[in-house]
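Everything below concerns the one structure shown next.
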Amino acid sequence: MRFQLLGPVEVRDDDTPVPIGGPRAKAVLVSLLLRAGEVVPFEALLDSVWDHEPPRSALATLHVYVSRLRARLPWARIVTEVGSYRFDVDPMQVDVDRFHRLVRRGRDSVAAGDLTGGRETLQAALDLRRGRPLADVPGEFARTQAAILDDLWLTVREERFDVDLELGRHAELVPELRAAAHEFPLRERLTAQLMLALHRCGRSAAALDALQATRRTMVQLQGIEPGPQLRRLQQRILRNDHTLAPGPPFLRCGLPRDTATLVGRDRELARIVATADHSGPVVWAVDGMPGAGKTALANHAAHRLADRYPDLQLMLDLRGHTPGEHPAEPAQLLEIALRSAGVPGSALPDCPQAMLALWRATTARRRCVLVLDNAATAAQVTPLLPTGDSLTLVTSRHRLADLDDVHTLTLGPLDDDPARALFAQVTGDGRALAEPAEAELATRLCGNLPLAIRIAAGRLRHRPSWKVAQLNSLLRDEQRRLGELRLSTVDVMATFALSYQQLDPDERRLFRLLGLHLSADFDSRSAAAMADIPPAHASRLLESLVDVHMLQQHGFDRYRFHDLLRLYAATHVAREERYDDQVAAEHRALRYYLHTAANVRAALFPSARPLPLHPAAGIVPSEFVSPADAVAWRERERLSLVSSSVGPPPWANEKPEPRVPWHELPERFRSGHVVGRMLSRPLPWPDDPQTCEARLANDLGVLSTWLHDYSAAAECHTEALRLFREAGAETDVAATLHALDVIGRRRR
């Protein structure tokens, strides 16, 4: 049984076509096949087949289509789960999966120096295409997937052209390149390949004419000039640069294609470029959170500086965070690097130490730029560092603190203006400019994270009928946002998962529990309270999470999440922690705030009568050496908690019945907003110490109430009432009387 999607959709049993039905039936099959092995909710299938506007009978019709598919494909396994289907199929039966596998094999062969074998494998992948993918399938989902497959096919063909050029096949390549450049005049890489092939054939004038033809088309269609790569190639042809001639393998470029939309990293790029003229080896370690664009920056910098390092330009994937694979061994990587540097396989030594010595000797006399992508440890990187005049860019999700004598860069989210520019650039039309406020909201909902912005803008690009506001209507829902930030080949949640899965069990537990934290940022003692662990242990775990960029640190012992990582942590705590354990963690956090607030009161009013509170029960509250420290803590937590409480409360989507009183809602839906409101007003001390003391007593009463310690709550509010009355604060007196009334009714 073979499923063919790279053209009109066909299913074949050996060589016999299997009738599937009409266009809608094919749309159902395609929607399941492109998500093979995944649980696909009925709603997602309906949206894919009927473009988000299914008729009332659509669900029944969907079930009929699936029933017919089962009858016509008796060997296929379409499993029904709750509210969803799952299509279990051997990937080798689907031409799209075979295409991806062949491309990976071909790229690996090329990287290992086997240009002929890699070329044949890439061509085998290209030959799977039988026409426009999914040509006879209706719907926006199919059109989007077809556009993605088309773009990938064109990219792979350009890679095969590069290999042909390196193999010296420029003469036989000219007709195919000329036809491809004519068909796709806006793909500048094709024009560059055609120019290089013509120049190597002794037809430099024709090469320059090809550039002018591309320029005229780009100006007419887009109003833009060709990019710097084509302009640099033009100048090199004009001066008859000898490095354009076919040369030995070590002159080849082993970098992936450069990104056209690197935005907002000018400062970081300028720092790297400024070190490129130094003699001797220069090493940069680029780290940052998942999706920050580390690889894109390193690859762009390598392309930008390729002319200064003409002998070898190479990227190696160290597989430090590759799903289902162990990090690559240094000996394996050294073999690939040596082959790429022109060392024939027959000359490679068997001994790893001899291979390392050969690599050092080979690079000592060459100018190389090397990108070591996705590194796991410094030990994996060190043997690969060149010894001559070279630039090495190492990317990692970890801080490689034990990598000696390196420059360091840490990438975070983009600033607001570059984030909006990236969104508009990837969208590719005027919608982001027509809705500037909505475009700004979209980038904010993406946390200004480059990967998330590219995905959101990519979805908009492939849905020309959408407005930015309609995209935002999907992203606003925090329960759905991470799921919406997904395309067929990139997925924010899957990117985060690679880092989460490599945490040790204690780090994973603390990370997910912090997704429940009441505050926008927090310290090690409140984190320790949530996880019920000693503060010293919590501090070590928090620092480890910072080192792998799953948390951000913005001051001594102050931590916070990136917005999307907080949603990701909340997703995992809901999956992996029992509801009772979640409530208990929030209660421990409330007790931390209760006892620390009591310490604030004691620091400001040491002679005040202590109020009755239950023991801390393992919680280690913060203590203060001066009144100023106590006020600073409360002000810092007030602003952080109020920030956490902006917007509708998290229980709003639960739609409780109107007859359910607020105080009977589950604790976890209320506590963060209660604490935020409790601390919403700054302390008047030292201008009005009486009101200040009353407000602190009121804070303790509110927290005691939410911890069901009604006796302590009543006494705290009674003390607050006395002080508010003495201060003549009538509004606060009324609010405190109401609080005492609520406590009285709860105690009955």
Just to be sure I understand the filter: pairs with C-beta atoms under 6 Å, separated by 6 or more residues or on different chains, first member in the stretch 97-117 and within 14 Å of T155 (Cα to Cα), second member buried (at least 17 other Cβ atoms within 10 Å of the Cβ) and at pLDDT below 90. Which pairs pass? G106/G118
Among the residues of the stretch 504-514, is any at pLDDT 95 or above, surrounded by fewer than 23 Cβ atoms within 10 Å (Cβ to Cβ) and of a type outside the set (D, E, K, R)? yes
Residue among T116, T191 that alone is surrounded by fewer than 16 Cβ atoms within 10 Å (Cβ to Cβ) and farther than 25 Å from H462 by Cα: T116
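A328 - would you say it is assigned to a loop (DSSP other than H, G, I, E, B) and farther than 30 Å from I237 by Cβ? Before the answer, list the steps.
Numbers: assigned to a loop (DSSP other than H, G, I, E, B): yes; farther than 30 Å from I237 by Cβ: yes.
For A328, the condition - assigned to a loop (DSSP other than H, G, I, E, B) and farther than 30 Å from I237 by Cβ - is met.
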Give me the residue from the stretch 178-188 that is closer than 10 Å to A213 by Cβ and under 34 Å from the mean Cα position of the chain (by Cα) and, out of that set, surrounded by the fewest Cβ atoms within 10 Å (Cβ to Cβ). P185
Failed criterion for V394 (all others in (1) out of contact with any strand residue (DSSP E or B) (no Cβ under 6 Å at 6 or more places or on another chain); (2) of a type outside the set (K, R); (3) closer than 28 Å to D277 by Cβ; (4) not in a loop (DSSP other than H, G, I, E, B) hold): (1)
Hits in the stretch 329-370 - residues which are surrounded by fewer than 20 Cβ atoms within 10 Å (Cβ to Cβ), touching a strand residue (DSSP E or B) at 6+ places or on another chain (Cβ under 7 Å) and of a type in the set (A, V, I, L, M, F, W, C): I336
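Results for (1) farther than 18 Å from P290 by Cα; (2) charged (D, E, K, R); (3) crowded, with 20+ Cβ neighbours inside 10 Å, shown as yes or no for each residue.
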position: S524; (1), (2), (3): yes, no, yes
position: A527; (1), (2), (3): yes, no, yes
position: L545; (1), (2), (3): no, no, yes
position: M550; (1), (2), (3): no, no, yes
position: Y559; (1), (2), (3): no, no, yes
position: V573; (1), (2), (3): yes, no, no
position: N599; (1), (2), (3): yes, no, no
position: A602; (1), (2), (3): yes, no, no
position: S607; (1), (2), (3): yes, no, no
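If you take the residues of the stretch 18-67 that are outside any loop (DSSP other than H, G, I, E, B) and small (G, A, S), which of them is nearest to V79 (Cα to Cα)? Don't jump to the end; show me each part of the working.
Residues of the stretch 18-67 outside any loop (DSSP other than H, G, I, E, B): 23-33, 40-50, 58-67.
Restricting the remaining residues to those that are small (G, A, S) gives 25, 27, 31, 44, 48, 58, 60, 67.
Working: A25: 17, A27: 18, S31: 14, A44: 16, S48: 19, A58: 19, A60: 17, S67: 11 Å.
Going through the qualifying residues, I end up with S67.
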Among the residues of the stretch 609-628 satisfying the criterion of being more than 17 Å from L703 (Cα to Cα) and at pLDDT 90 or above, which is surrounded by the fewest Cβ atoms within 10 Å (Cβ to Cβ)? V625
Which numbered condition in (1) surrounded by fewer than 18 Cβ atoms within 10 Å (Cβ to Cβ); (2) of a type in the set (A, V, I, L, M, F, W, C); (3) more than 28 Å from the chain's Cα centre (by Cα); (4) outside any loop (DSSP other than H, G, I, E, B) is the only one that L154 fails? (3)
Please list, ordered by residue number, the helices (runs of 4 or more DSSP H) wholly in the stretch 466-522 having 2 or more residues that are touching a strand residue (DSSP E or B) at 6+ places or on another chain (Cβ under 8 Å) and either without any contact (Cβ under 8 Å) to a residue 12 or more places away in the chain or closer than 15 Å to R566 by Cα (or both). 492-501
Among the residues of the stretch 584-595, is there at least one that is among the hydroxyl-bearing types (S, T, Y), part of a helix (DSSP H, G or I) and touching a Lys or Arg at 6+ places or on another chain (Cβ under 8 Å)? yes
Count - residues of the stretch 571-589 that are in contact with an Asp or Glu (Cβ under 9 Å, 6 or more places away or on another chain) and either of a type in the set (D, E) or within 17 Å of A538 (Cα to Cα) (or both): 3
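The values are calculated or read from the model by the stated rules, or taken from the named source; none is laboratory data. Since we're looking at a predicted model, the values are computed, not measured. No Cβ is skipped: glycine too gets one built from the backbone with ideal geometry, and neighbour counts run over all protein chains shown.
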